[in-house]
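Contents: one structure, followed by commentary.
Rule-based calculations on the coordinates, nothing more; no lab input. Please read these numbers as outputs of a predicted model, since none were measured by experiment. Methodologically, a virtual Cβ is constructed for each residue, glycine included, from the backbone with ideal geometry; neighbour enumeration extends over all protein chains shown.
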Amino acid sequence: MVRTGIGYDVHPFEAGRPLVLGGVTIPHSRGLKGHSDADVLSHAIADAVLGALGEPDIGHWFPPSDPTIEGICSLRILEKCAQIAADKGMRIENVDSSIVAEAPKVNPHAAAMKKNIAAALGIQPDQVGVKATTNERLGFVGREEGIAAMAVACISKI
């Protein structure tokens, strides 16, 4: 049995916070606003894995109303998703993702992101795709108000 899930997330920029994508802190004038570290890439991947498992989204597992997870590293969210998959007798075959941002340039950090995401999911870096694109200056991303990410995950029965 092979199953596929998709994920999407978006966070607005906020001054005074670090910018974290795929567990990598990237130099930038602003970070992303959120209850956790606001790692939009990890959140999209988490939702893709959870979707493939037929589970509720990360808001169910990590509700923003829970003060005990404030500032949590989103790689911990990915670890929980991998554990949920294992508990259901499933393994993550691969994930693919796209970050949509006008700035900063994220491709120089893609290898480190892949390594972090793979480690959190218990898979190899070559099973993780991390790509980046712009929104051609259109919409909230084009106005540099925030960053969006999309992901797809493929899982199979162990």
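Would you work out the charge dipole size for the chain about its Cα centre, treating the Cβ of every Lys and Arg as +1 and the Cβ of every Asp and Glu as -1, and quote it to the nearest 20 debye?
About 320 debye.
Please go through the residue pairs Lys80/Lys157; Lys88/Lys115; Lys80/Lys115; Lys131/Lys157 and name each one whose alpha carbons sit more than 22 Å apart in this structure.
Working: Lys80/Lys157 18 Å; Lys88/Lys115 25 Å; Lys80/Lys115 17 Å; Lys131/Lys157 27 Å.
Distance filter (> 22 Å) returns Lys88/Lys115; Lys131/Lys157.
Taking amide H positions as placed in the peptide plane 1.01 Å from N, state which residues far from Asn135 in sequence (5 or more) or on other chains have amide H under 5 Å from it.
Ala101, Glu102
Any idea how far the Cα center of region 23-45 sits from the one of region 80-118, in Å?
13
Quote to one decimal, in nm, the extra length available between Ile69 and Asn94 on full extension: 0.36 nm per residue of separation minus the C-alpha distance between them.
Values: separation 25, 0.36 × 25 = 9.00 nm, distance 2.68 nm.
Here the segment from Ile69 to Asn94 would lengthen by 6.3 nm.
Of the listed peptides 20-33, 53-66, what is their order by residue-averaged count of other C-beta atoms within 10 Å, with the highest listed first?
Working: 20-33: 19.3, 53-66: 13.7.
Packing proxy ranking, top to bottom: 20-33, 53-66.
Using only the Cα atoms, what convex hull volume per residue in Å³ does the chain have? Can you show the working numbers first?
On the way: hull volume 15.6 nm³, N = 158.
So the per-residue hull volume is 98 Å³.
Hey, can you grab everything whose amide H is under 5 Å from the amide H of Arg17? Only 5+ residues off in sequence or another chain; H modelled, so Pro and N-termini drop out.
It is Gly31, by chain and number.
Using Cα-only point scatterers and the Debye equation, what is log10 of I(q)/I(0) for region 116-158 at each q in 0.17, 0.23, 0.28, 0.31 Å⁻¹, rounded to two decimals?
Scattering profile of region 116-158, log10 relative to I(0): -0.65, -0.84, -1.02, -1.14.
If you stretched the chain out fully between Thr133 and Ala15, how much longer would it get, using 0.36 nm times the residue separation minus the C-alpha to C-alpha distance?
Details: separation 118, 0.36 × 118 = 42.48 nm, distance 2.26 nm.
Length difference between fully extended and current span is 40.2 nm.
If you filter region 74-151 for trypsin sites (Lys or Arg not before Pro), then keep DSSP loop positions with at most 15 other Cβ within 10 Å, what is left? Please list the in-between numbers first.
Working: sites: Arg76, Lys80, Lys88, Arg91, Lys105, Lys114, Lys115, Lys131, Arg137, Arg143; in loops: Lys88, Lys105, Arg137, Arg143.
Answer in residue order: Lys88, Lys105, Arg137, Arg143.
If I model a spin label at Gln124 and Arg76 as a point 7 Å from the Cα along the Cα→Cβ vector, what separation in nanometres do I get?
3.0
Full extension from His60 to His35: what is 0.36 nm times the residue separation minus their Cα-Cα distance, to one decimal in nm? Kindly include the intermediate steps, with their values, before the conclusion.
Values: separation 25, 0.36 × 25 = 9.00 nm, distance 1.37 nm.
The His60-His35 span can extend by a further 7.6 nm.
For region 2-157, what is the percent of antiparallel DSSP beta bridges, rounded to the nearest 5? Could you put the intermediate results ahead of the total?
Details: 27 of 33 bridges.
Bridges in region 2-157 are about 80 percent antiparallel.
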